[in-house]
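Structure record follows, encoded as structure tokens.
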Amino acid sequence: MNGKAIGSSLYAIVTKQKAFIAILVMLIGMLFSHTNFYSAYNLLDMLNSTSILLILAFGVTMTVVAGGCDLSIGGILVVSGIIAIKLLDVMPMGLAILIAVLFGAVVGFVNGFLVVHQRTEPFIITLGMGLLLTGVAQQLTDAHPVPAKNPAFMMIGNGDILGVPNLVLIMAVCFGLCFWLMRYTQFGRNLYAIGGDYEVALYSGINVVRTKWIAFVLCGTSAALAGVLLSSKLNTGSSIYGEMTALVVNCGVVVGGTSFAGGIGGIPQSALGLLVFGMLDNVMNMLCITSYYQVMLKGIVIVAIIWLDCFTQKRKREFV
Amino acid sequence: MKTEGSEVILSINNVSKSFPGVKALDEVSIDVQRGTVHGIVGENGAGKSTLMKILSGVYQKDSGTVVFDGKQIEHTTPYQSMQSGLAIIYQELNLVNTMSVGENIFLGRFREMKGMKGTHAKARELLDSIACKVSTTKLVSELSVSEKQMVEIAKALSFKSKLIIMDEPSSSLTSEEMCQLVKIINQLKEQGISIIYISHKLDEIFEFCDIVSVMRDGHVIDTKEKSAFTRQELITKMVGRTIENEYPPRPLCVGDTLMEVHSINTHKLHDLSFTLNKGEILGLMGLVGAGRTEIVRALFGADKVRGHRVLIEGKPTVIRNPKDAKDAGFGFIPEDRKLQGLILPFSVESNISMASIRKFSRLGFLRKSLEKDIGARQVKALAVKTPSTKTAVRNLSGGNQQKCIVGRWMETSPRIFIMDEPTKGIDVGAKYEIYNLMKHIVEHGGAIILISSELPEVLNMSNRVLTIFEGRITGEFDPQKASVNEIMGAALGIVEGCV
Ligand SMILES: Nc1ncnc2c1ncn2[C@@H]1O[C@H](COP(=O)(O)OP(=O)(O)OP(=O)(O)O)[C@@H](O)[C@H]1O
Ligand SMILES: [Mg+2]
């Protein structure tokens, strides 16, 4: 590749990926701060604490690319975590985790039935499902945190292999799997087609209902997996963790460049989008910004990225 | 493949279909022979597309039987029909805008193509076979309408089909692309593949169809060998009355200058200037991609173009956006009715009254009864076939949708009416009505800029023709005096000309 080609592909990345710019800005900015942001420890820690959000985002991305969305992931997250911890007392760990994860798949299946099969509005249906599940979680725990008694369970979320935290490793595996699924399989390509134009996909002989339904099941499954990991990391299950999660994750997915209209985006984009949030948290903590300002800054970053995105797209359209 | 003269590949027997308020098909029977091109013609809303969608499994028939390739079929999904060897190019373009050309051609067949590499390689082969140069990695949203059409054709060819249905495939093709399509159709025929060809362009029907069926109001009126029909007879059968001429006499009332346009410059157009006179129909001719659509979009303020000057009746007028243009007396029929023309889920009357909201609102409140009147008036004037003015435009046949856009602007009585493919998908009878409306506009002091891929339309309707080649005006002709060859030469950029 010659210089010009590299230049234009760089330009493409920059104009297409506002999230990438945001990350770059933070990375550069932190060069001039006198913190230990650039220590291996901190960077790994940042990745570690974003891992669970990332796993959630991978699932959500599939539904969003297919033209849906999933706001029930917060509910699934907490309920599956509680289920895992409660079941630990009565059965082997592997089985408890499996059941908790399957629970997520079932919720996803129900979501899929309502949204895809019955053609309801995903935003509202999954929001309601999330509320329902939060209620279930409170019922299950009487709104108190439930501690886990099994140290082996705790090690899943807190251990590491050769210095790399388990959570990061699991996240990386999920990333690889989902990336492959979306990019290199018929299922993934069909999701893009369905999100791009539902009717065209239907007329082209794609089994639209089944494909989109599976996306919801996978999303529920990944949310449940994230829930199990979260309760393992904190060694407790509680009904309060998931409150903002669904919004943050769906928002991160869009910030990354996956369009809510469907058909555009992907796993790497969503990863970037959520990394913006993870890194922002980390950076703001490092710089000792007070929590009120933290929330405000997050809001500003979200609005700025989405606005810039629409702005350049508009410019591009006019140029054509 | 050896073909027998009279082997029936598809037999449609007494098929009926009703939608709420319309009986779209009433006991329709048609037989299609193997290895023939079977033309189907008929008025807008005659039921042609509905019949095809029943064959492909998009709609379910109410009664009747369909036998395809020796087997009775009950397709309930498009997937099943494709599997059985029946491919269809739908009237409304059916491509996913957010995906690449290659992926669109093999939509839903990623595994079969062994991934992205295979997809693009196979797509390239197919596109090459129909002499289409579009890159397979380009996004469909970046293609022109006619390029999309070629991609659709490639997509239909990609199935190993025994029967290919083409529902108005040529409505936005240029003449060269049309030649290409004819070649393809003849190739397919030689391979023993049957084709059902639906079109409102009778020239095409007479050029390469073997057998022609005429439909009207959900009935098949007649099926005969092409040679047994005369053009007049075909038209009469289609519309149920005789039409002496396909074009009304050219309006001859050209007056003073109405609009002057000075130096439009974009990265595609180069220093374009022209004038438009009162009472004139100005035809723009050129190849697809020559910049005709860009010119009118710039004029209407649909694309942001700066630096050019527009004088209307001598007064400098600034048009920054379509609202300014409307206020200055412009009307605009865009090229792509689905994308830029209609709000599909809205009712017929809302779509028609859209540009004249001021007419039926008082102090910001809408007066529904007036809106209804506007809708009803235009539906009547243009003979839009619809169960009621409240019906969603989506449920109308393609040609009737087009009439709704024409009606919308007719209601504003525009002074300068820009028409980009105004008769796309409109039947012979209704075309005549639209030509009459065009005449009416210019006879009342208005002027029309006409773009059409139908050469006879431009030549018969315009008072003056400008040829555009690669963003430049290459000639100005009086179509009554100049020969077609001269005009085409200039449009193809071969010779410069002035008459
Ligand atoms: N989904 C639908 N719901 C209700 N009515 C419909 C629907 N689709 C078609 N129709 C009606 O059925 C009739 C036949 O329509 P169809 O699209 O088959 O006509 P066509 O012959 O293809 O016309 P054109 O030449 O304009 O494309 C029309 O009156 C139309 O309004
Ligand atoms: Mg039709």
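Where a number appears in this text, it was derived from the coordinates with a stated rule and is not lab data. Predicted, not measured: the structure shown is a model, and the values here were computed from it. With ideal geometry, Cβ positions are generated from the backbone for all residues, glycine too; neighbour counts draw on all protein chains shown.
Figures for the structure shown
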read-out	value
Estimated vicinal HN-Hα couplings, Hz - region B:323-336 in sequence order (Karplus 6.51, -1.76, 1.60; Gly, Pro = x)	5, 4, 4, 4, 5, 7, x, 8, x, 8, 9, x, 5, 10
Other-chain or far-sequence residues with amide H under 5 Å of B:Tyr59's (modelled H)	B:Ile54
Cβ neighbours within 10 Å from other chains - mean over B:113-120	1
Förster-model FRET efficiency, 41 Å R0, B:Lys380 and A:Val303, C-beta, rounded to 0.05	0.25
Convex hull per residue volume in Å³, alpha carbons only, for region B:257-491	122 Å³
Cα Rg, Dmax, region B:8-239, angstrom units	17.4, 52
Centroid-to-centroid separation of region B:371-408 and region B:7-62 [C-alpha atoms, Å]	24 Å
Relative contact order computed over region B:205-260 (Cα-Cα under 8 Å; 6+ residues apart), in percent	23 percent
Table column - 3J(HN,Hα) (Hz), region A:278-285, Karplus curve with 6.51, -1.76, 1.60, x for Gly and Pro	x, 5, 4, 4, 4, 4, 5, 5
Charge context of A:Leu247, other residues only, Cβ under 12 angstrom, K/R +1, D/E -1	-1
Label zone at B:Arg111, where the point sits 7 Å out along the Cα-to-Cβ direction: region A:180-201 residues whose backbone N lies under 11 Å	A:185-188
Shielding by partners, peptide B:86-95 (average Cβ within 10 angstrom, other chains)	2
The protein assembly as shown, helix-only ellipticity at 222 nm - DSSP H runs n ≥ 4, -39,500 (n - 2.57), divided by all residues, nearest 500	-15500 deg cm²/dmol
Built amide H within the under 5 Å cut-off of B:Ile9, gap 5+	B:Val32, B:Gln33, B:Arg34
Global geometry of region B:87-171, whether rounded, prolate or oblate, following the gyration tensor of its Cα atoms and the 1.5 cut on a/c	oblate
Label-to-label distance, nm, for residues given as A:Leu95 and B:Asn186 (7 Å Cα→Cβ offset)	7.5 nm
Neighbouring partner chain Cβ atoms per residue of A:202-215, average, 10 Å criterion	4
Karplus-derived HN-Hα couplings along region B:135-143 (A = 6.51, B = -1.76, C = 1.60, θ = phi - 60°), whole Hz, x at Gly and Pro	5, 6, 8, 5, 6, 4, 5, 8, 8
Dipole in debye (nearest 20) - the protein assembly as shown, about Cα centre, beta carbon charges: Lys, Arg +1; Asp, Glu -1	1140 debye
Over 34 Å [Cα-Cα, chain A], rounded percent	24 percent
Projected label distance in nm at B:Lys71 and A:Ser49, using a 7 Å step from Cα toward the beta-carbon	6.1 nm
Region B:150-216: trypsin sites (Lys or Arg not before Pro) in DSSP coil with no more than 11 other Cβ atoms inside 10 Å	B:Lys160
Nonlocal amide H pairs with B:Gly42, under 5 Å, H built at 1.01 Å	B:Met215
Cut-off of 10 Å, at most 16 other beta carbons, DSSP loop: longest stretch of chain A lacking such trypsin sites (Lys or Arg not before Pro)	A:150-320
Under 18 Å from the B:Ser18 label point (7 Å along Cα→beta-carbon), backbone N, region B:369-405	B:386-388
B:Glu225-A:Ala261 pseudo-label distance in nm [points 7 Å out on the Cα-to-Cβ vector]	5.3 nm
Given B:Lys48/B:Lys201; A:Lys149/A:Lys233; B:Lys201/B:Lys226; B:Lys368/B:Lys390; B:Lys403/B:Lys431; A:Lys18/B:Lys138, the pairs whose alpha carbons are separated by over 19 Å	A:Lys18/B:Lys138
Which of B:Cys209, B:Cys404 has the fewest Cβ neighbours within 10 Å, and the rest in rising order	B:Cys209, B:Cys404
DSSP-loop chymotrypsin sites (Phe, Trp or Tyr not before Pro) across region B:274-364, with at most 12 other Cβ within 10 angstrom	none
Span-rule helices in chain B, defined as complete DSSP H runs reaching 27 Å or more along the axis (Cα) with Kyte mean at least 1.0	none
Cα gyration tensor, region B:204-330 - rounded (a/c under 1.5), prolate or oblate	prolate
Modelled label reach - B:Cys253, point 7 Å along Cα→Cβ, region B:406-445 residues with backbone N closer than 18 Å	B:410-418, B:433-445
Part-to-part distance (alpha-carbon centres) for region B:130-203 and region A:190-264, which is given in Å	38 Å
Residue order, fewest to most surrounding Cβ atoms within 10 angstrom, among A:Ile73, B:Ile185, B:Ile198	B:Ile185, B:Ile198, A:Ile73
Sparsely packed chymotrypsin sites (Phe, Trp or Tyr not before Pro) within region B:29-95, loop by DSSP, other Cβ within 10 Å at most 14	none
Whole-Å semi-axes of the ellipsoid equivalent to the protein assembly as shown (Cα gyration tensor, √5λ, descending)	55, 33, 25
Cα convex hull of chain B, projected area averaged across orientations, nm²	24.1 nm²
Förster radius 51 Å - calculated FRET efficiency between B:Asn245 and A:Ile161 (Cβ-Cβ, nearest 0.05)	0.05
